[in-house]
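Before any comments, here is the structure.
Each reported figure results from applying straightforward, stated rules to the coordinates on display, with no laboratory input. Remember, it's a predicted structure, so these values are computed and weren't measured experimentally. We place every Cβ from the backbone using ideal geometry, glycine too, and count neighbours over all the protein chains shown.
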Amino acid sequence: MKAIILEHPLLKHKLSILRDKNTGTKEFREVAGEIASILCYEATRDAKLNEVEVETPIQKTNVKKLDENQYAFVPILRAGLSMVDGVLSMIPNAKIGHIGLYRNEETLEPVPYYFKVPKDIEHREVILLDPMLATGGSAIDAISQIKKAGVKKIKFLSIIAAPEGIAKVEEVHPDVQIYTASLDSHLNEKGYIVPGLGDAGDRIFGTK
């Protein structure tokens, strides 16, 4: 599956706020959540709806309704937490899992340290959340862990992505659809996305 890069004026506007080094922590978190909502909207275009009967103030009628229990959102800690409120605003009853990974600054490889997901995760569609798809290492590792848990349908949402990261994920996990708000230029020698927005985790939590 080829990555889907969303093109929308509102997304471009919100991305300009995240990229600005002068944007404060509070606004950065809020805008990251707003972008996540739009990504979730796009990622659920193929959602299956059930027909149910409801009664309006006028009469009974058949409507189409989403089974929210078929979804699970799994942020990759810690930066992925910034996207949780945004996606939950779209599907409030989805379950939440967590995958903890950090990047070895010398090898740039992901190091897993935490994995906690709903016990029936294998019966759900899982949407992984990470603001940055850079080298692709963390995404590949997280997807592999989710697959080991028995999940068949996985999507990956990122706010910005590098071509190198997308290429690696598509190579290792060609069945996983990637959604991103921006395909940036490249990775620098430190593995950071260029032009990027800096370290998303540090900017979200104010740790630098």
If you count the DSSP beta bridges with both ends in the chain, what percent of them are antiparallel, to the nearest 5? 40 percent
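Only counting other Cβ atoms within 10 Å, I'd like Y113, Y71 sorted with the fewest neighbours first. If you can, show how the numbers build up before the last one.
Details: Y113 10, Y71 22.
Ascending number of Cβ neighbours within 10 Å: Y113, Y71.
Let me know the number of lysine pairs in the stretch 39-123 closer than 17 Å at the Cα, not counting same-chain pairs under 8 apart.
Lysine pair count for the stretch 39-123: 4.
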Span from the the stretch 27-70 Cα centroid across to the the stretch 88-133 one, whole angstrom: 22 Å
Tell me the angle of helix 25-43 to the major Cα principal axis of the chain, expressed in degrees between 0 and 90 and rounded to the nearest ten. 50 degrees
Could you state the angle between the C-alpha long axis of helix 163-172 and the longest principal axis of the C-alpha atoms of the chain, as a value from 0 to 90 degrees rounded to the nearest 10? 60 degrees
Which listed residue (V52, G80, G136) has the Cα farthest towards the positive end of the charge dipole for the stretch 4-205, taking +1 on Lys and Arg C-beta and -1 on Asp and Glu C-beta about the Cα centre? V52
Below 8 Å between Cα atoms, with a sequence gap of 6+, how large is the relative contact order for the stretch 4-205 in percent? 22 percent
Volume in Å³ per residue [convex hull over Cα atoms, computed for the stretch 1-74]: 177 Å³
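Length gain on complete extension for the stretch K119 to R45, per 0.36 nm per residue less the alpha carbon to alpha carbon distance?
Numbers: separation 74, 0.36 × 74 = 26.64 nm, distance 2.61 nm.
Here the segment from K119 to R45 would lengthen by 24.0 nm.
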By how many nm would the segment from E106 to K190 grow when fully extended, if each residue of separation counts as 0.36 nm and the alpha-carbon distance is taken off? 29.3 nm
Cα point-scatterer Debye curve for the chain, base-10 log of I(q)/I(0) at q = 0.10, 0.17, 0.19 Å⁻¹: -0.42, -1.15, -1.44
With charges only on Cβ, +1 for K and R and -1 for D and E, what is the dipole size of the chain about its Cα centre, in debye, rounded to 20? 280 debye
Measure nothing but the geometry: give the 0 to 90° angle between the long axis through the Cα atoms of 9-19 and the longest principal axis through the Cα atoms of the chain, rounded to 10°. 40 degrees
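What ranking of Y41, Y114, Y192 emerges when the number of other C-beta atoms within 10 Å of each C-beta is taken as an exposure proxy, fewest first?
Least to most surrounded, the residues fall as Y114, Y41, Y192.
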The stretch 116-198: GluC sites (Glu not before Pro) in DSSP coil with no more than 10 other Cβ atoms inside 10 Å: E189
Given H placed on each backbone N at 1.01 Å, which residues far from F115 in sequence or on other chains put an amide H within less than 5 Å of it? G100
Less than 14 Å apart at the alpha-carbon level, and either on another chain or at least 8 residues along: which aspartates and glutamates does that give for K168? E109, D141
At R0 = 25 Å the Cβ-Cβ FRET efficiency linking K147 and A167, nearest 0.05, sits at 0.80
